[in-house]
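The values are calculated or read from the model by the stated rules, or taken from the named source; none is laboratory data. The structure presented is a predicted model; accordingly, all values stated were derived computationally and were not measured. When we count neighbours, we look across all protein chains shown, and the Cβ atoms used for this are built from the backbone with ideal geometry, even at glycine.
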Amino acid sequence: MHERARERRRWIEIVLAGGGAALFLLLVVLLLSRGGLAPTLPPTPVPTSPADPPVAMVNGQPIGVNLWAEAVLIDQVMSGLAGVPAPSPEETLEQLVNQVLVLQAAPSTDPPSDQEVEAYIAALEAGWGVSDEQVVQALEAVGLDRETWKRAVTRLLAVQRGQEALVAEGTPIDEWLARERERAEIVIYRERMAQAVAALSPSPSPSPLPSPSPSPSPLPGPPPAPDFTLEEADGELFTLYNYLAEGPVVLVFFQRCG
Amino acid sequence: MELRDHYREFRAKGAQLAALAVASPDAVRQTKQALGIPYPMMADTDHQVSEAYGVYNLLGDGYAAPAIFIIGTDGQILWQYVGGGPRDRPTAQEILDQLP
């Protein structure tokens, strides 16, 4: 496939995957556009926990095999919900490496509150058009629970904040990340990764979403589109649900204006 | 502005177009006038709506990713397309084809 088309497809996949993957879109794309995985450096002696040995070290900070395995499964579930191919385990690890880089560099802020995390989860589910129950079902199908996903989302929000703080300091995040990837000491333990990939449950493909069918279903339907009221350019108030009374609405998000 | 050019076809199918952008009200007003956009256009200045629809900052640029949501009269999202890049959006015809 043409390289540019392939890259674009990857963008779309990751955007659609939403959730875990979506926020790191930029990071992942940047990574992919710069030639893939970090170079493998010779392993150095590091303090490890026998129960959770690292699959990577980022400036001396370990990424444990358990965190990585969870992230791989979460990516699979979220991609399944969006109906797109999941990132490879290697790509998921690269996302984690980028997250650690951002968290290491960003000024420390308060952790996201439970309320913020729940609000973000609700927004994600609304964006995907699925209910919380459907997400929980898909997580359970690969042996995960909602709490695990919630931890991942909490982490995502923390990284997002870190990223915003870095941008606020005046550095475009893509430039910053490219520089950090060059500068940081990143060690990937590929042998351990390979072993762990083999140990992951065989093809835990997330159960497909129940398709919207007229048959009675015990699951609640997807949540409705969020309502909103905004002032129109001509000064009148626009309330989505008032317009819906007249017919379907095609909501168009412009990326840029002016 | 391909959507603008197909506005009548959307209306003929009973659908209304509405646009949002993470921008100041002034920027939105100027864009609407400059492009002659015939449908409502709003400034989502504090990006609350973009966030509610899960498209805010997806491209890491502090704006909404280009996206289309078709919302049915019962409030259900009938179809959506979230762009993976600044120019990644469906054609007007592709959107029209999705309308009930």
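Listing for the model above:
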item	result
Those helices (runs of 4 or more DSSP H) lying entirely in segment A:85-172 with at least 1 residues within 12 Å of the chain's Cα centre (by Cα), touching a residue at least 24 places away in the same chain (Cβ under 8 Å) and within 14 Å of chain B (Cβ to nearest Cβ)	A:89-105, A:114-128, A:146-168
Wholly enclosed helices (runs of 4 or more DSSP H) of segment B:7-92 bearing at least 2 residues touching a Phe, Trp or Tyr at 6+ places or on another chain (Cβ under 8 Å) and within 7 Å of chain A (Cβ to nearest Cβ)	B:48-52
Lone qualifier among A:80, A:64 - being farther than 24 Å from residue B:62 by Cα, surrounded by 15 or more Cβ atoms within 10 Å (Cβ to Cβ), in contact with a helix residue (DSSP H, G or I) (Cβ under 7 Å, 6 or more places away or on another chain) and at pLDDT 50 or above	A:80
Test: residue A:231 is of a type in the set (Asp, Glu), surrounded by 14 or more Cβ atoms within 10 Å (Cβ to Cβ) and either at pLDDT below 55 or closer than 25 Å to residue B:26 by Cα (or both)	yes
Candidates B:94, B:51, filtered to the one that is over 12 Å from residue A:255 (Cα atoms), among the acidic types (Asp, Glu) and crowded, with 19+ Cβ neighbours inside 10 Å	B:51
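So that you can scan it fast, the table gives a plain yes or no per residue for (1) among the β-branched types (Val, Ile, Thr); (2) buried (at least 21 other Cβ atoms within 10 Å of the Cβ); (3) at pLDDT below 85:
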position: A:94; (1), (2), (3): no, yes, no
position: A:104; (1), (2), (3): no, no, no
position: A:115; (1), (2), (3): no, no, no
position: A:128; (1), (2), (3): no, yes, yes
position: A:135; (1), (2), (3): yes, yes, no
position: A:164; (1), (2), (3): no, no, yes
position: A:171; (1), (2), (3): yes, no, yes
position: A:177; (1), (2), (3): no, yes, no
position: A:181; (1), (2), (3): no, no, no
